[in-house]
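Okay, so here's the structure we're looking at.
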Amino acid sequence: MGVNLRNLTRLEPYDVHSRRTCHMRCSRALGMTTPSLARICEQLVSSLPLPTKFKALSQPILPISENWERPRLLTLPRLYCKLYLHYRGVKCKVCRLVPNDPALCLVCGELVCVKSSCCTWLNKGECTKHAQMCGAGTAIYLVIMSSTVVIVRGDRIYLWGSVYLDQHDEEDLELRRGKPLYLSDTRYQCLNQQWRSHSFDHTLRKWGWHQQLF
């Protein structure tokens, strides 16, 4: 099978808004179908004398998809009681116990222990460790027992407030009044926008310092 060199010289410049993947552009330049090119690449990688750990690196990190969506936080239920009743009994994946004070990561959905020594490692609490793994030091948590949104950014912490309000659009932090709480679309969209635009440092002023046990 010959390669048409003219096609290689006529490749269109890379366009971040184009839906065509790299496989599609290369297969067109080589005069091959995309599945055929993919099979050849897989056979080539499998035939190379590489250690297993390096072959794993050759696999795609994320699935190739032409349907791109804007990143967004978790989809939350309308009623807070549903969220509370569900996550109140979920076990932590680290200590395998039901946390006394659980927090839900609004980016990936992981449940972590808040200020608990059971998941502390190298003087760092689970919230701090998860923030490093999930968001390069930044994480957004919904503390289940208080309905408070907490933002962790490195060694700093910010009490954002709540995205759940009662029928009078008032917060019930720490759930002391026991009123039914409903998801505020306006507040949650605002939180989404601040996270997507990386504007926490510009829009939030009163940051505090948290202990590493957080």
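The values are calculated or read from the model by the stated rules, or taken from the named source; none is laboratory data. Bear in mind that the values here come from a model prediction, so they are computed numbers and not experimental data. Here the Cβ is made from the backbone with ideal geometry for all residues, glycine too, and neighbour counts use every protein chain on show. Please note that ligands, DNA and RNA were not included when accessible areas were found on the heavy atoms of the full protein model with its side chains. Shrake-Rupley method; radii C 1.70, N 1.55, O 1.52, S 1.80 Å.
What the table below lists for this structure:
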| item | result |
| --- | --- |
| Net charge dipole size for segment 131-214 [Lys, Arg +1 and Asp, Glu -1 on Cβ; Debye, nearest 20] | 220 |
| Per-residue HN-Hα couplings for segment 91-101 [Karplus 6.51, -1.76, 1.60; θ = phi - 60°; Hz; x = Gly/Pro] | 7, 6, 6, 8, 9, 6, 10, 6, x, 6, 9 |
| Which of 42, 69 is most accessible, then next, and so on - probe 1.4 Å | 69, 42 |
| Stretch gain in nm, segment residue 79-residue 133, where the contour uses 0.36 nm per residue and the Cα spacing is subtracted | 16.5 nm |
| Karplus 3J(HN,Hα) series, Hz, for segment 155-165 with 6.51 cos²θ - 1.76 cosθ + 1.60 (x for Gly, Pro) | 8, 9, 9, 9, 8, 6, x, 10, 9, 10, 10 |
| Cross-link reach list, aspartates and glutamates versus residue 206, counting only Cα pairs under 15 Å and skipping chain neighbours closer than eight places | 155 |
| Mean Cβ count within 10 Å, highest first, over the residues of peptides 73-83, 124-134 | 124-134, 73-83 |
